[in-house]
Amino acid sequence: MPILAIDLGATKINGAIFNSNGDFLDKTTCMVKNNSGKEVGALICEVIDHLTYSLEENESIEAIGIGVPGIVNIKTGKVWAPNIPGWEDYPLQQEIEDHICQSSVKVNIASDRTCYILGEVWKGVANGCKNAVFISIGSGIGMGIMADGHILRGHNDIVGASGWMALDSPFMEEYKQYGCFESQASGNGIAMQARKKLQSSNYPDSLLNKIAIKNITAQDVFAAYAQSDILAIEIIDHAIRLWGMASANVVSLLNPEKVIWGGGIFGPAAQFIDRIYDEACRWAQPISIKQTKFEQSILSGNAGLLGAGYLALLEITR
(Lines give C-alpha, C1' and ligand atoms only; values in the text may rest on other atoms or scores of the structure.)
Protein backbone atom coordinates (compact mmCIF):
# COMPACT_ATOMS: atom_id res chain seq x y z
CA MET A 1 0.00 0.00 0.00
CA PRO A 2 2.41 2.74 -1.14
CA ILE A 3 1.59 6.33 -0.19
CA LEU A 4 3.22 9.44 -1.56
CA ALA A 5 4.21 12.47 0.49
CA ILE A 6 5.24 15.99 -0.49
CA ASP A 7 6.79 18.49 1.94
CA LEU A 8 6.82 21.88 0.23
CA GLY A 9 9.13 24.55 1.62
CA ALA A 10 10.10 28.02 0.46
CA THR A 11 13.39 26.75 -0.98
CA LYS A 12 12.88 23.07 -1.78
CA ILE A 13 10.35 20.30 -2.34
CA ASN A 14 10.95 17.02 -0.55
CA GLY A 15 9.05 13.99 -1.79
CA ALA A 16 8.91 10.39 -0.63
CA ILE A 17 7.07 7.11 -0.98
CA PHE A 18 6.27 5.24 2.23
CA ASN A 19 4.71 1.93 3.05
CA SER A 20 1.95 1.79 5.64
CA ASN A 21 4.53 1.24 8.40
CA GLY A 22 6.19 4.56 7.64
CA ASP A 23 9.31 3.08 6.03
CA PHE A 24 10.92 5.14 3.26
CA LEU A 25 10.72 3.30 -0.07
CA ASP A 26 12.06 6.21 -2.13
CA LYS A 27 12.92 9.85 -1.58
CA THR A 28 13.80 12.83 -3.76
CA THR A 29 14.38 16.57 -3.48
CA CYS A 30 13.78 19.36 -5.97
CA MET A 31 14.93 22.96 -5.44
CA VAL A 32 12.32 25.71 -5.85
CA LYS A 33 14.97 28.30 -6.85
CA ASN A 34 13.35 31.46 -8.25
CA ASN A 35 10.21 29.75 -9.47
CA SER A 36 6.76 31.05 -8.57
CA GLY A 37 3.07 30.48 -9.21
CA LYS A 38 2.31 27.65 -11.63
CA GLU A 39 6.03 26.91 -12.01
CA VAL A 40 6.12 25.64 -8.42
CA GLY A 41 2.96 23.63 -9.04
CA ALA A 42 4.64 22.05 -12.06
CA LEU A 43 7.69 21.15 -9.95
CA ILE A 44 5.45 19.35 -7.45
CA CYS A 45 3.92 17.39 -10.31
CA GLU A 46 7.41 16.50 -11.55
CA VAL A 47 8.33 15.18 -8.10
CA ILE A 48 5.16 13.09 -8.04
CA ASP A 49 5.95 11.70 -11.49
CA HIS A 50 9.54 10.90 -10.53
CA LEU A 51 8.43 8.98 -7.46
CA THR A 52 5.61 7.08 -9.14
CA TYR A 53 7.92 5.99 -11.96
CA SER A 54 10.12 4.28 -9.35
CA LEU A 55 7.34 1.91 -8.26
CA GLU A 56 7.26 -1.72 -9.21
CA GLU A 57 5.09 -2.55 -12.21
CA ASN A 58 2.29 -4.04 -10.09
CA GLU A 59 2.29 -1.19 -7.55
CA SER A 60 0.34 2.06 -7.55
CA ILE A 61 -0.09 5.02 -5.25
CA GLU A 62 -3.24 4.93 -3.11
CA ALA A 63 -3.08 8.43 -1.66
CA ILE A 64 -1.00 11.61 -1.71
CA GLY A 65 -0.38 13.86 1.30
CA ILE A 66 1.02 17.36 0.83
CA GLY A 67 2.27 19.78 3.46
CA VAL A 68 2.51 23.45 2.50
CA PRO A 69 4.05 26.46 4.29
CA GLY A 70 0.87 28.46 4.69
CA ILE A 71 -2.90 28.12 4.89
CA VAL A 72 -5.10 25.56 3.17
CA ASN A 73 -8.77 26.23 2.47
CA ILE A 74 -10.12 22.78 3.33
CA LYS A 75 -13.31 23.32 1.31
CA THR A 76 -11.65 24.45 -1.94
CA GLY A 77 -8.15 22.95 -1.71
CA LYS A 78 -6.67 26.38 -2.48
CA VAL A 79 -3.46 27.45 -0.77
CA TRP A 80 -2.07 30.71 0.56
CA ALA A 81 1.72 30.47 0.92
CA PRO A 82 3.37 33.85 1.54
CA ASN A 83 6.90 32.67 0.74
CA ILE A 84 5.91 31.47 -2.73
CA PRO A 85 5.08 34.33 -5.10
CA GLY A 86 1.77 33.81 -6.85
CA TRP A 87 0.34 31.50 -4.21
CA GLU A 88 -2.17 33.89 -2.68
CA ASP A 89 -5.11 31.62 -3.61
CA TYR A 90 -3.45 28.81 -5.51
CA PRO A 91 -5.64 25.86 -6.68
CA LEU A 92 -3.16 23.18 -5.67
CA GLN A 93 -5.64 20.38 -4.95
CA GLN A 94 -7.33 20.75 -8.35
CA GLU A 95 -3.97 20.93 -10.12
CA ILE A 96 -2.69 17.73 -8.51
CA GLU A 97 -5.94 15.86 -9.12
CA ASP A 98 -5.98 16.97 -12.77
CA HIS A 99 -2.36 15.91 -13.16
CA ILE A 100 -2.71 12.39 -11.77
CA CYS A 101 -6.10 11.81 -13.46
CA GLN A 102 -7.03 9.00 -11.06
CA SER A 103 -10.13 9.58 -8.98
CA SER A 104 -9.21 6.57 -6.84
CA VAL A 105 -6.06 8.35 -5.59
CA LYS A 106 -7.01 10.60 -2.70
CA VAL A 107 -5.17 13.91 -2.29
CA ASN A 108 -5.00 15.52 1.16
CA ILE A 109 -3.33 18.90 1.71
CA ALA A 110 -2.59 20.51 5.07
CA SER A 111 -0.33 23.17 6.53
CA ASP A 112 3.24 22.21 7.32
CA ARG A 113 2.37 22.85 10.97
CA THR A 114 -0.24 20.10 10.88
CA CYS A 115 2.23 17.79 9.14
CA TYR A 116 4.94 18.43 11.74
CA ILE A 117 2.83 17.15 14.61
CA LEU A 118 1.44 14.28 12.50
CA GLY A 119 5.00 13.17 11.73
CA GLU A 120 5.91 13.22 15.39
CA VAL A 121 2.78 11.28 16.31
CA TRP A 122 3.46 8.66 13.64
CA LYS A 123 7.20 8.16 13.97
CA GLY A 124 8.60 10.68 16.44
CA VAL A 125 8.68 11.50 20.13
CA ALA A 126 4.93 12.25 20.24
CA ASN A 127 4.12 8.63 19.42
CA GLY A 128 1.71 7.43 22.09
CA CYS A 129 0.85 10.96 23.25
CA LYS A 130 -2.67 12.38 23.30
CA ASN A 131 -1.57 15.98 23.93
CA ALA A 132 1.58 17.32 22.29
CA VAL A 133 2.84 20.43 20.55
CA PHE A 134 5.51 20.70 17.86
CA ILE A 135 7.20 24.10 17.67
CA SER A 136 9.09 24.57 14.41
CA ILE A 137 11.77 27.25 14.48
CA GLY A 138 13.15 27.64 10.97
CA SER A 139 13.15 30.58 8.62
CA GLY A 140 9.73 31.24 10.20
CA ILE A 141 7.89 29.88 13.24
CA GLY A 142 4.91 27.53 13.26
CA MET A 143 3.21 25.19 15.68
CA GLY A 144 1.43 21.87 15.24
CA ILE A 145 -1.01 20.97 18.00
CA MET A 146 -2.58 17.70 19.09
CA ALA A 147 -5.19 18.03 21.85
CA ASP A 148 -6.98 15.04 23.36
CA GLY A 149 -5.86 12.88 20.44
CA HIS A 150 -7.12 15.27 17.76
CA ILE A 151 -4.99 17.40 15.44
CA LEU A 152 -6.23 20.98 15.62
CA ARG A 153 -6.76 22.73 12.28
CA GLY A 154 -9.10 25.52 13.31
CA HIS A 155 -11.76 27.40 11.34
CA ASN A 156 -9.62 27.69 8.18
CA ASP A 157 -6.40 25.75 8.91
CA ILE A 158 -4.70 28.77 10.49
CA VAL A 159 -4.11 27.06 13.84
CA GLY A 160 -0.49 27.29 14.94
CA ALA A 161 0.52 30.56 13.25
CA SER A 162 2.59 31.15 16.35
CA GLY A 163 5.03 33.56 14.71
CA TRP A 164 2.36 36.17 15.46
CA MET A 165 2.33 35.52 19.21
CA ALA A 166 2.54 38.87 20.99
CA LEU A 167 5.49 38.53 23.38
CA ASP A 168 6.99 42.00 23.50
CA SER A 169 6.06 45.66 23.38
CA PRO A 170 5.82 48.28 22.04
CA PHE A 171 4.32 47.22 18.72
CA MET A 172 6.63 47.61 15.71
CA GLU A 173 5.64 47.89 12.05
CA GLU A 174 7.66 44.80 11.09
CA TYR A 175 5.28 42.71 13.21
CA LYS A 176 2.53 43.23 10.61
CA GLN A 177 4.40 41.11 8.08
CA TYR A 178 6.27 38.63 10.26
CA GLY A 179 4.68 38.71 13.71
CA CYS A 180 6.36 39.70 16.97
CA PHE A 181 7.73 36.25 17.86
CA GLU A 182 8.97 35.42 14.36
CA SER A 183 10.62 38.83 13.89
CA GLN A 184 12.92 38.17 16.82
CA ALA A 185 13.31 34.43 17.32
CA SER A 186 13.04 32.67 13.94
CA GLY A 187 16.06 32.04 11.74
CA ASN A 188 15.22 35.06 9.60
CA GLY A 189 14.35 37.06 12.72
CA ILE A 190 17.68 36.33 14.41
CA ALA A 191 19.54 37.45 11.29
CA MET A 192 17.34 40.54 10.99
CA GLN A 193 18.01 41.55 14.60
CA ALA A 194 21.77 41.16 14.05
CA ARG A 195 21.63 43.43 10.98
CA LYS A 196 19.61 46.06 12.84
CA LYS A 197 21.96 46.12 15.81
CA LEU A 198 25.09 46.28 13.65
CA GLN A 199 23.69 49.30 11.83
CA SER A 200 23.48 51.12 15.17
CA SER A 201 27.32 51.14 15.37
CA ASN A 202 27.18 50.09 19.03
CA TYR A 203 29.07 46.83 18.42
CA PRO A 204 32.36 47.74 16.71
CA ASP A 205 34.16 44.66 18.07
CA SER A 206 31.56 42.09 17.04
CA LEU A 207 32.80 39.23 14.88
CA LEU A 208 29.72 39.77 12.74
CA ASN A 209 31.26 42.98 11.41
CA LYS A 210 33.49 40.76 9.28
CA ILE A 211 30.43 39.77 7.22
CA ALA A 212 28.56 42.08 4.84
CA ILE A 213 25.46 43.10 6.78
CA LYS A 214 23.04 42.02 4.05
CA ASN A 215 24.61 38.52 4.02
CA ILE A 216 24.37 37.76 7.74
CA THR A 217 22.43 34.58 8.55
CA ALA A 218 21.26 32.95 11.75
CA GLN A 219 24.05 30.40 11.31
CA ASP A 220 26.56 33.27 11.43
CA VAL A 221 25.02 34.49 14.68
CA PHE A 222 25.24 31.01 16.24
CA ALA A 223 28.86 30.69 15.10
CA ALA A 224 29.68 34.05 16.70
CA TYR A 225 27.84 32.99 19.86
CA ALA A 226 30.10 29.95 20.10
CA GLN A 227 33.03 32.37 20.18
CA SER A 228 31.49 34.44 23.00
CA ASP A 229 30.64 37.38 20.77
CA ILE A 230 28.76 39.97 22.86
CA LEU A 231 26.26 40.91 20.14
CA ALA A 232 25.52 37.28 19.29
CA ILE A 233 25.04 36.43 22.96
CA GLU A 234 22.59 39.32 23.32
CA ILE A 235 20.53 38.19 20.31
CA ILE A 236 20.50 34.47 21.18
CA ASP A 237 19.76 35.10 24.86
CA HIS A 238 16.77 37.22 23.82
CA ALA A 239 15.58 34.45 21.48
CA ILE A 240 15.86 31.94 24.34
CA ARG A 241 13.70 34.17 26.52
CA LEU A 242 11.05 34.40 23.80
CA TRP A 243 11.15 30.64 23.11
CA GLY A 244 10.63 30.11 26.84
CA MET A 245 7.79 32.63 27.08
CA ALA A 246 6.02 31.26 24.00
CA SER A 247 6.24 27.66 25.19
CA ALA A 248 5.08 28.72 28.66
CA ASN A 249 1.95 30.22 27.12
CA VAL A 250 1.39 26.99 25.17
CA VAL A 251 1.78 24.87 28.30
CA SER A 252 -0.58 27.07 30.31
CA LEU A 253 -3.23 27.03 27.57
CA LEU A 254 -3.03 23.43 26.35
CA ASN A 255 -1.48 21.33 29.15
CA PRO A 256 0.54 19.11 26.75
CA GLU A 257 2.52 16.03 27.70
CA LYS A 258 5.37 17.15 25.45
CA VAL A 259 6.64 20.25 23.69
CA ILE A 260 8.76 19.12 20.75
CA TRP A 261 11.29 21.45 19.15
CA GLY A 262 12.30 21.16 15.51
CA GLY A 263 13.04 23.09 12.35
CA GLY A 264 16.34 24.32 10.96
CA ILE A 265 17.29 26.30 14.07
CA PHE A 266 17.02 23.16 16.25
CA GLY A 267 19.79 22.37 14.99
CA PRO A 268 22.17 24.69 16.63
CA ALA A 269 19.65 25.78 19.27
CA ALA A 270 19.08 22.24 20.59
CA GLN A 271 21.82 22.96 23.15
CA PHE A 272 19.47 25.50 24.77
CA ILE A 273 16.43 23.28 25.41
CA ASP A 274 17.16 23.06 29.15
CA ARG A 275 17.51 26.85 29.32
CA ILE A 276 14.26 27.27 27.39
CA TYR A 277 12.51 24.95 29.82
CA ASP A 278 13.90 26.88 32.79
CA GLU A 279 12.65 30.13 31.27
CA ALA A 280 9.24 28.56 30.61
CA CYS A 281 9.06 27.51 34.26
CA ARG A 282 9.19 31.17 35.26
CA TRP A 283 6.06 32.02 33.26
CA ALA A 284 3.94 28.88 32.91
CA GLN A 285 1.17 27.42 35.05
CA PRO A 286 3.35 25.79 37.72
CA ILE A 287 1.70 22.35 37.91
CA SER A 288 1.31 21.97 34.16
CA ILE A 289 4.93 22.88 33.32
CA LYS A 290 6.26 20.31 35.77
CA GLN A 291 4.24 17.64 33.96
CA THR A 292 5.52 18.66 30.52
CA LYS A 293 8.66 17.35 28.82
CA PHE A 294 10.63 19.52 26.38
CA GLU A 295 12.32 17.39 23.72
CA GLN A 296 14.10 17.81 20.41
CA SER A 297 12.59 16.12 17.37
CA ILE A 298 14.34 12.84 16.48
CA LEU A 299 13.17 12.90 12.85
CA SER A 300 16.22 14.67 11.39
CA GLY A 301 14.18 17.30 9.56
CA ASN A 302 11.72 14.73 8.18
CA ALA A 303 8.80 15.55 10.50
CA GLY A 304 6.92 17.43 7.76
CA LEU A 305 7.54 14.74 5.15
CA LEU A 306 6.50 11.92 7.47
CA GLY A 307 3.49 13.96 8.52
CA ALA A 308 2.45 14.37 4.88
CA GLY A 309 2.80 10.61 4.51
CA TYR A 310 0.60 10.03 7.56
CA LEU A 311 -1.88 12.54 6.13
CA ALA A 312 -2.10 10.32 3.03
CA LEU A 313 -2.40 7.17 5.12
CA LEU A 314 -5.31 8.65 7.08
CA GLU A 315 -7.14 9.19 3.78
CA ILE A 316 -7.24 5.46 3.07
CA THR A 317 -7.64 4.06 6.59
CA ARG A 318 -10.43 6.17 8.05
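The values are calculated or read from the model by the stated rules, or taken from the named source; none is laboratory data. Quick caveat, the model's predicted, so the values are computed rather than measured. Ideal geometry is used to build each Cβ from the backbone, glycine not excepted, and the neighbour counts take in all protein chains shown. Ligands, DNA and RNA are excluded from the accessible area calculation, which covers all protein heavy atoms including side chains. Shrake-Rupley method; radii C 1.70, N 1.55, O 1.52, S 1.80 Å.
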Treating only Lys and Arg (+1) and Asp and Glu (-1) as charged, each at its beta carbon, one finds that the stretch 71-162 has a dipole about its Cα centre, in Debye to the nearest 20, of 300
With label points set 7 Å from each Cα along the Cα-to-Cβ direction at Cys101 and Ser228, the distance between them in nm comes to 6.7
Applying the span-like rule to the chain (DSSP H, Cα extent along axis at least 15 Å, Kyte-Doolittle mean at least -0.5) gives 37-53, 112-123, 230-254, 303-317
What helix-only [θ] at 222 nm does the chain give? Using -39500 (n - 2.57) per DSSP H run of at least 4, over all residues, to the nearest 500, the answer is -12000 deg cm²/dmol
Heads up, the stretch 105-175 by the C-alpha gyration tensor (a ≥ b ≥ c square roots of eigenvalues; a/c under 1.5 rounded, else a/b over b/c prolate, else oblate) looks prolate
Labelled set (i) -0.40, -0.52, -1.26; (ii) -0.29, -0.37, -1.31; (iii) -0.27, -0.36, -1.46; log10 I(q)/I(0) by the Debye sum over Cα atoms at q = 0.07, 0.08, 0.16 Å⁻¹ computed from this model equals the value at (ii)
Regression test value, accessible area per residue of the stretch 1-101, probe 1.4 Å, units Å², expected 50
Counting only backbone N atoms under 16 Å from a point 7 Å out along Cα-to-Cβ of Lys130, the residues of the stretch 288-318 in range are 292
Simple SL model, points at 7 angstrom along Cα→Cβ for Ser200 and Lys75; separation in nm is 4.7
Carbon plus sulfur, as percent of the 1.4 Å-probe accessible area of the stretch 44-88, comes to 46
Inter-part gap, Cα centre of the stretch 11-89 to Cα centre of the stretch 200-272, in whole angstrom, is 31
